[in-house]
1. Among the helices (runs of 4 or more DSSP H) lying completely within the stretch 278-375, list those that include at least 3 residues that are more than 26 Å from the chain's Cα centre (by Cα), over 24 Å from LYS152 (Cα atoms) and not β-branched (Val, Ile, Thr).
2. If I ask for residues that are more than 16 Å from ligand 3 (Cβ to nearest atom), in contact (Cβ under 8 Å) with a residue 60 or more places away in the chain and open to solvent by less than 40 Å² (accessible area, probe 1.4 Å), which ones from the stretch 274-304 would you list?
3. Out of the residues in the stretch 140-167 meeting the condition of being open to solvent by 10 Å² or more (accessible area, probe 1.4 Å) and assigned to a loop (DSSP other than H, G, I, E, B), tell me which one is nearest to ligand 1 (Cβ to nearest atom).
4. Please enumerate the residues belonging to the stretch 41-71 that are over 25 Å from the mean Cα position of the chain (by Cα), open to solvent by 20 Å² or more (accessible area, probe 1.4 Å) and within 16 Å of TYR134 (Cβ to Cβ).
5. Residues of the stretch 1-53 being basic (Lys, Arg) and modelled with pLDDT of 95 or more, which ones?
6. Can you tell me which of (1) aliphatic (A, V, I, L, M); (2) loosely packed, with under 13 Cβ neighbours inside 10 Å; (3) in contact with a Pro (Cβ under 6 Å, 6 or more places away or on another chain) is the one VAL12 doesn't meet?
7. Filter the stretch 168-177 for residues that are assigned to a strand (DSSP E or B) and not acidic (Asp, Glu) and give the result.
Amino acid sequence: MNAPTRPGEPIVVDVALGERAYDIVIGRGLVATLGPRLAALKPGAKAAIVCDVTVAALHLAAIEAALAAAGIASTRVIVAAGEGSKSFATLERVCDELLAAKIERGDLVVALGGGVVGDLSGFAAAVTRRGLDYVQVPTTLLAQVDSSVGGKTAINSRLGKNLVGAFHQPILVLADTSLLDTLPPREFRAGYAEVAKYGLLGDAGFFAWLEANARDVFAGGPAREHAIATCCRMKAAIVARDERETGDRALLNLGHTFGHAFEAAAGFSAKLLHGEAVSLGMVLAFRYSARIGLLPKTEAERVEQHLADVGLPTRVKDVPFRWPDADRMMDLMAQDKKVSRGRMTFILARGIGEAFVTRDVDPNDIRAFVASQLA
Ligand SMILES: NC(=O)c1ccc[n+]([C@@H]2O[C@H](COP(=O)([O-])OP(=O)(O)OC[C@H]3O[C@@H](n4cnc5c(N)ncnc54)[C@H](O)[C@@H]3O)[C@@H](O)[C@H]2O)c1
Ligand SMILES: O=C(O)C(=O)C[C@@H](O)[C@H](O)[C@H](O)COP(=O)(O)O
Ligand SMILES: [Zn+2]
């Protein structure tokens, strides 16, 4: 492990996107600094804070106080907790509430919450008055390592996950790690799947470090901050070289083609959280890579072992649900945004830390593989 933080000293990661560049600031107790940071970025702006009911009860007052102390007037928009809020109905309500509060183009949207609120309010910011600036204040592990960074915003459609959205970068990400102290263990675990993803997709050393230090990451302290910063650095680098996912950025989708289909099949419900679906999907991607001879079976088993050790699902039967058959799962996967000229794209691996993007997959073999996993 390198570069542990000193107490009180935030880690700053730059997302180098030219005129859309911004900082990810990571550390404990940063909420109090939000007001001055926003006042410096957008002098005179007022703010609309979007959050879900659970986060509102726990953390909204502190955010409002931080803004008020810097002379920033704020209004609040509260949505229901959970994936169901990534819907047309909630998007409409959030946009209407932003308009009713007279949030102007020079003002700000503050996405205070997990990936659901980040994706929803980022999209609302992208389309309201044809584009408002927004900042991400992520409150889940998943949001601090992944969803708050990179500007993918979206809601779900009846036809699949994240199918209606926009690329819209935030102007600041403020990841106050003390906000994670109130996060339920199941949600922390789900976020850990995306942490492991970074090791699996491109950094074998980080994956080995996680195998040795997962307990400390779960416990909190410098190991957790090191893990968050490592993920953010990797994501910032990938996004900076491929903002709109025309190539490399698809690596961040490791496990997601399978995972999103499982989430859709489960009706975007709490039966299967996004991170849990990603855990299952990543194991399937490694298992499939072993099946077609890209890597030894033992490598896929190592991935499965670590994710199972921390309590994440790694087999379809770990999630009690009446899963649809392989044909239906293939239909759901066919809606993946990486499909090109009707051909599916997969993120496979030649080893831990050696993921790659490929269209060279046989759909009949994938179907047979999915059927074998559902059996
Ligand atoms: N845009 C991206 O790049 C990206 C990346 C990864 C995931 N996502 C999306 O993110 C979503 C999942 O995000 P998530 O896992 O953060 O889920 P979430 O936003 O639903 O939050 C999880 C739960 O934890 C609660 N919560 C949040 N912060 C809390 C806190 N500090 N203390 C106590 N409870 C808290 C919430 O109320 C919610 O019930 C999915 O929709 C996924 O598609 C997007
Ligand atoms: O930022 C990205 O790029 C990702 O793929 C991150 C994923 O963890 C995230 O779940 C994302 O929303 C999935 O993207 P999608 O384009 O498949 O909807
Ligand atoms: Zn994800």
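The values are calculated or read from the model by the stated rules, or taken from the named source; none is laboratory data. Just so we're clear, the structure is a prediction, and the values are computed from it rather than from any experiment. Here the Cβ is made from the backbone with ideal geometry for all residues, glycine too, and neighbour counts use every protein chain on show. Accessible surface is based on the protein model in full, side chains and every heavy atom, while ligands, DNA and RNA are left aside. Shrake-Rupley method; radii C 1.70, N 1.55, O 1.52, S 1.80 Å.
1. Helices (runs of 4 or more DSSP H) meeting the threshold: 363-374.
2. Answer for the stretch 274-304, where residues must be more than 16 Å from ligand 3 (Cβ to nearest atom), in contact (Cβ under 8 Å) with a residue 60 or more places away in the chain and open to solvent by less than 40 Å² (accessible area, probe 1.4 Å): PHE286, TYR288, SER289, VAL303.
3. THR140
4. Those that are over 25 Å from the mean Cα position of the chain (by Cα), open to solvent by 20 Å² or more (accessible area, probe 1.4 Å) and within 16 Å of TYR134 (Cβ to Cβ): LYS42, LYS46.
5. ARG20, ARG28, ARG37, LYS42, LYS46
6. Of (1) aliphatic (A, V, I, L, M); (2) loosely packed, with under 13 Cβ neighbours inside 10 Å; (3) in contact with a Pro (Cβ under 6 Å, 6 or more places away or on another chain), only one is false for VAL12: (3).
7. Of the stretch 168-177, the ones assigned to a strand (DSSP E or B) are 172-176.
Scanning the stretch 168-177 gives LEU172, VAL173, LEU174, ALA175.
Here's the yes/no breakdown for (1) part of a helix (DSSP H, G or I); (2) under 18 Å from LEU332 (Cβ atoms); (3) assigned by the TED database to the domain that holds ILE366; (4) more than 11 Å from ligand 2 (Cβ to nearest atom):
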site	(1), (2), (3), (4)
CYS232	yes, no, yes, yes
LYS235	yes, no, yes, no
VAL239	yes, no, yes, no
ARG244	no, no, yes, no
